[in-house]
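The values are calculated or read from the model by the stated rules, or taken from the named source; none is laboratory data. All figures in this text were calculated on a predicted structure; none of them were measured in a lab. When we count neighbours, we look across all protein chains shown, and the Cβ atoms used for this are built from the backbone with ideal geometry, even at glycine.
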Amino acid sequence: MLRKQKCFEALREAYPGRRLLIVSNTAGASSWDRDGKLAAEVQKATGVAVLSHQVKKPGCGHEIMAYFQKHPETGVTGPHQIAVVGDRLATDMMLANMMGSWGVWVKDGVVPHQQKSIVSTMSSLARSSSHTDAPQFSRSERSLAPYLFARGLSAPEPSSPFE
Amino acid sequence: MNLNLSASVNIFKLLAKPSLCLPHATIATFDNLPVPLDKLFTQSGKKTDIRAVVLDKDDCFAYPESSQVYDAYKVGRQPSYFSSLHRPSVFTCPLEYMDAKETEMFRSFA
């Protein structure tokens, strides 16, 4: 039986309240979103809290941990109970590893890579030009993970401090 | 311009330890994310206790620079979690997608 799954809703249900947190290098990043207008907009549109942070990813691990410490109802007592989901290796996955959390890489982003390179390269370049997060870099970055895996490297495993 | 000082500083950490940019699990697109997320790891025999999720926005669940959840992810599609999970070990032809300069750079550091 085909079952429609509302994936964003399902995630919100599985991680209710403050257990789901949006950490973006645009919305909520104090150097980019100075007045917090973008963060408020995203929060309103998604119903999910957006972290207001000084340091960008990958360096804002301490701000994320401070957030969960401030909200003990989330049940988070250590970084090994957190998963970071994102499309960037050098920001999202590195943040996860520097925090001692689990990293889940969304390899293809919103638009599948193949489609991105053929259909929407120009439009995404045009879109990114205003706040360059180096689209060329994020694309070539994708190949880094398979390359490093092939060389036998793997992400450092988060461990519970009590084990 | 949205400069990322944090990423620039941490590039040295990454060069010293390239595994810092590697994921523990890989999915193709956001709608392949299983709930609870622990399902991603039980497959490989790892026991996790994930209580909270930190979510990236741009090009993850939203189009870059959009505040909305990408339409298809609101409506969703039939879940195909495990069929589209990529185990790190099955990644193929990594070098073909890397230009010569990058390959050289990471050969010397990896």
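Brief remarks on what is shown
- On the stretch given as the stretch A:63-98, residues that are in a helix (DSSP H, G or I), more than 7 Å from chain B (Cβ to nearest Cβ) and more than 22 Å from B:Ser44 (Cα to Cα) total 9.
- Subset tally (residues that are at the interface with chain B (Cβ under 9 Å from one of its Cβ atoms), crowded, with 23+ Cβ neighbours inside 10 Å and within 21 Å of A:Leu11 (Cβ to Cβ)) for the stretch A:29-47: 1
- A:Val106 vs. criteria closer than 20 Å to A:Ser154 by Cβ, modelled with pLDDT under 95, of a type outside the set (Ser, Thr, Tyr) and surrounded by 15 or more Cβ atoms within 10 Å (Cβ to Cβ): yes
- Residue match in the stretch A:10-23 (condition: assigned to a strand (DSSP E or B), facing another protein chain (nearest Cβ under 7 Å) and out of contact with any Phe, Trp or Tyr (no Cβ under 7 Å at 6 or more places or on another chain)): yes
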